[in-house]
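Just so you know, all these numbers are worked out from the coordinates, no wet-lab data involved. Nothing here was measured: the structure is a model prediction, and the numbers come from that model. Neighbour counts run over all protein chains shown; Cβ positions are idealised from the backbone, glycine included.
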Amino acid sequence: MAVISVSHLDKSYGKVHALRDVSFEVDEAEVFGVVGPDGAGKSTLFNILTTLLLPDSGDAAVLGLDVRTRYLEIRKHIGYLPGTFSLYPDLTVEENLVFFATMYQSSIKENMPLIASIWSQIEPFKKRFAGKLSGGMKQKLALCCALIHKPVLLFLDEPTTGVDPVSRKEFWEILRSIKQQGISVMVSTPYMDEATLCDRIALMQDGQIMRLDTPKNIIRDFNGHLVTLQTPDIFQLLKVMGQYAAHCTFYPYGENLHVIFYEPLEKAIPEFEVFLQQNDITHGEIEQIEPNIEDCFIEIVKGN
Amino acid sequence: MRVILMLIKKEFLQVFRNSLLWKILILAPLAEFLLFPYTADYEIKNVKVVFVDHDRSTMTTDILSTFSASKYFINEGVVESRQEAEALMRADKVDFIVEFPADFEKSLVRQEPVKVHITANAINTVKAGLGSEYVQTVLGNYFMTMAESTPKVSPISADTEYDMDVFSELETASVSSLALQSGEGQDMQKMQLQLSERMQRAQRDQELMERQAEKAEQAERAKQAEVAARAMNPQLAQLVTTNVYWFNEQMNYKNLIVPGLLIILVTLIGAYVTALNIVREKELGTIEQVNVTPIKKWQFLLGKMIPFLILGLVEFGAGLLIMNLLFGIHIQGSLLLVFGLTTVYLLVMLGLGFFISSMASNQLQAMFIVFFLFILFVMLSGILTPVEGMPQWASYLNYANPMSFFMSAMKTVILKGSTVDNIRTQFIVLAVMAVVLNAAALISYRETAK
């Protein structure tokens, strides 16, 4: 059974069309990732599914319950970690946890086993004000507060934005363990590397889902051939590449340039080399590489 | 129930930890009570007067020393010419110019009409108005005593002229003139005094008799009696006009301003603190985190309402105590009634705070909305300026002003000892306002975030 099913969801804020005809389903005990740049509509989608916002049109059901009418029941069974830290900074770690447990008519004792592994990490600081915690600790506390009522489904809106790489890695390990306890997770992130850690991902752009599949399938279905090249002057190269846009999709990737060709490489690379020569571009070897999820996303968004 | 208790506990924890809020809650009333009643006093002291004395007689010297002796005036001395005096006024060195004509004393003795020219700097209209009244009183008193000792004094009139550097059109506007009619002879004078005594006594008796009756009605009757007396003998009546101020016998301005301050205090806590508190939760995003929990909107609002109601009442109680200990104002009516009234008013203000917080998206917006309404309420309520002096349309606006209803009810309960029956209207209006505002807030919150 699908824990979330969304069909033809639409939402506008005045002239801004935040969600356009969004449809998807999330299965039980799945980590479902929503990936996309800022302004793609991720938070709007989360706000609708967590019953904080009403859609303009379309249907959304969480745990089989309509978000429009049965929001109070939905709220009992979901946990939500908003994009920004939203616990009381002037309450201590422990007070925050007790507060939210009470709001859910639950108690810390009851559901300690579920959060024990996370709680053990922040317990030494339980008398500290939540506002005085480090970024990673704040997220762990927020996660504890979101799990304290033993939800069936957990929503995490950009949980790792602004968190250091070590804490990010830890956080994803925690998510995995949460999933193992049978809790479904819907998570959004602007980090492409985190997307591969999800069971399935939805690539979002301009309020639309461009692609929805497992990370493996998305990479497998990469349309075109990806090459990388190095050059001492990437800015000069990017300037010149404008003239070659009809033949390929290109974008800077770190210090390299990634180019996607849609013709067989045997034909495309020699032609490209001639073009570079004509424009006096010195460059390293043009190598074919395996695309990662970020290449896939850019191809889907920018590609012809 | 457990949820609401938790919400209340959380709110108190936060209030007690917010050291700034805590300090404001303690310091604001103290500062208000210790400073405001003294600074917002309608009594004018240290009015600077300069004299242009063209007469230089014993009589004018006498008058000058009377001014010097008064605690209300600072005698800035005598200057040679009017020009010199006006220059001083333009330089803001003096507030009043009193000019005696050359044949002042002579005319008085000859029983010819004499004019004393009083010029007031009307930049501060209150000072000009009250000050000129004081000047006239001093002059009047002088002639009264003189009339008693010297049998023959001529009628005197003092023209007051309000001088305003900025608004020259007001310069020669004669606003009031004191016409002191003295008697023609000693017998007449005596008669007058006897009569005035008798009238005063009569008035006093009348007052004692009517004390139990309703104030408005009484004042009206007293006025009628006075008018009747004046009709009988207009000249005499003018001499014996005595004012008796009921329920505030010394006409102590503090008796009015202190209950007003209490009301301002309660309003600040009710509307300001509540609105800012909720909007802060919006800013922090905590309200979102609470909104995804299954608690209901009314539980949330109740969890905010109870702590701030308690805070407001505690603050109010402290204010009452200060009022009593510091200013010696005793509550004439029932204490329970005072607190009941305040509770209803606080509910109105809390509802207003909630409603504003549902519209504002940050503390700055909330602050401006509350501040704007607060100023409107205060201006119209009659706390700082008398309602009676307002135009008719302003008094219609007051029908939508909870502070005005609260003020009028509080004043009568605290100063006059009114009972529930006397303030039933105010009670009902405030209760209706409380219900409407809180319902509006609840609906507004449901709409914005279910």
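Return the calculated 222 nm mean residue ellipticity for chain A, to the nearest 500 deg cm²/dmol, obtained by summing -39500 (n - 2.57) across DSSP H runs with n ≥ 4 and dividing by the residue count. Let's see the in-between values first.
Values: 11 runs with 112 residues, N = 304.
Dividing the helical sum by the residues of chain A leaves -11000 deg cm²/dmol.
Dividing the convex hull volume of the Cα atoms of segment B:246-351 by its residue count, what figure in Å³ per residue is obtained? Numbers along the way, then the final one.
Details: hull volume 10.4 nm³, N = 106.
Dividing the Cα hull volume of segment B:246-351 by its residues yields 98 Å³.
For a Förster distance of 45 Å, can you work out the FRET efficiency between the beta-carbons of A:D10 and B:E283, rounded to the nearest 0.05?
It comes to 0.95.
For the residue pair A:Q288 and B:T66, what label-to-label distance in nm results when each label sits 7 Å from Cα along the Cα-to-beta-carbon direction?
Between A:Q288 and B:T66, the simple spin-label model gives 11.7 nm.
Given a cut-off of 16 Å, what percent of all Cα-Cα pairs of segment A:222-302 lie beyond it?
I get 45 percent for the Cα pairs in segment A:222-302 exceeding 16 Å.
Assuming R0 = 25 Å, can you tell me the calculated FRET efficiency for the pair A:F129 and A:I108, based on Cβ-Cβ distance, to the nearest 0.05? Mind dumping the intermediate values first?
Values: r = 18 Å, r/R0 = 0.74.
Between A:F129 and A:I108 the formula returns 0.85.
Would you mind getting me the FRET efficiency between B:F372 and A:K267? Use the beta-carbon distance for r and R0 = 56 Å, nearest 0.05.
It comes out at approximately 0.20.
Just to be sure I understand: with springs between alpha-carbon atoms less than 10 Å apart, which residue in A:G58, A:G33, A:G41 has the highest mean-square fluctuation in the Gaussian network model of chain A?
Fluctuation is largest for A:G58.
For chain A, build the charge dipole from Cβ charges (+1 Lys, Arg; -1 Asp, Glu) around the Cα centre, then report which of A:T102, A:H283, A:S5 sits farthest towards its positive end.
Value: A:T102.
Tabulate in residue order the Karplus-calculated ³J(HN,Hα) for segment A:200-217, using 6.51 cos²θ - 1.76 cosθ + 1.60 with θ = phi - 60°, rounded to whole Hz; enter x for Gly and Pro.
My calculation for segment A:200-217 gives 9, 10, 10, 8, 10, 8, 6, x, 10, 8, 7, 7, 9, 6, 6, x, 4, 5 Hz in order.
Name the long-range amide H neighbours of A:Q205: under 5 Å, sequence gap of 5 or more, or other chain; modelled H, no Pro or chain starts.
The answer is A:M210.
Within 10 Å of each residue's Cβ, count the other Cβ atoms and sort B:E80, A:E73 from fewest upward. The partial results should precede the final answer.
On the way: B:E80 10, A:E73 16.
Starting with the residue having the fewest Cβ neighbours, the order is B:E80, A:E73.
How far is it, in nm, from the label point at B:W298 to the one at B:R82 when both lie 7 Å from their Cα along the line to the Cβ?
It works out to 7.6 nm between the two label points.
Mind listing the phi-derived Karplus ³J(HN,Hα) values for segment A:25-30, rounded to whole Hz, using 6.51, -1.76 and 1.60 with θ = phi - 60°, and x for any glycine or proline?
My calculation for segment A:25-30 gives 9, 10, 8, 5, 6, 10 Hz in order.
When chain A is treated as a GNM, springs tying every alpha-carbon pair under 10 Å, which of A:N223, A:N279, A:N96 comes out with the largest mean-square fluctuation?
With Cα springs under 10 Å in chain A, the top fluctuation among A:N223, A:N279, A:N96 is at A:N279.
Based on C-alpha coordinates, I'd like the Rg and Dmax of chain A, in Å.
Cα radius of gyration and Dmax of chain A are 22.6, 72 Å respectively.
Does segment B:293-398 come out rounded, prolate or oblate, given a ≥ b ≥ c as the square roots of the eigenvalues of its C-alpha gyration tensor, rounded meaning a/c under 1.5 and, failing that, prolate meaning a/b above b/c?
oblate
Rg to Rh for segment B:28-123: what is it, with Cα atoms only and Rh by Kirkwood?
Rg/Rh for segment B:28-123 comes to 1.14.
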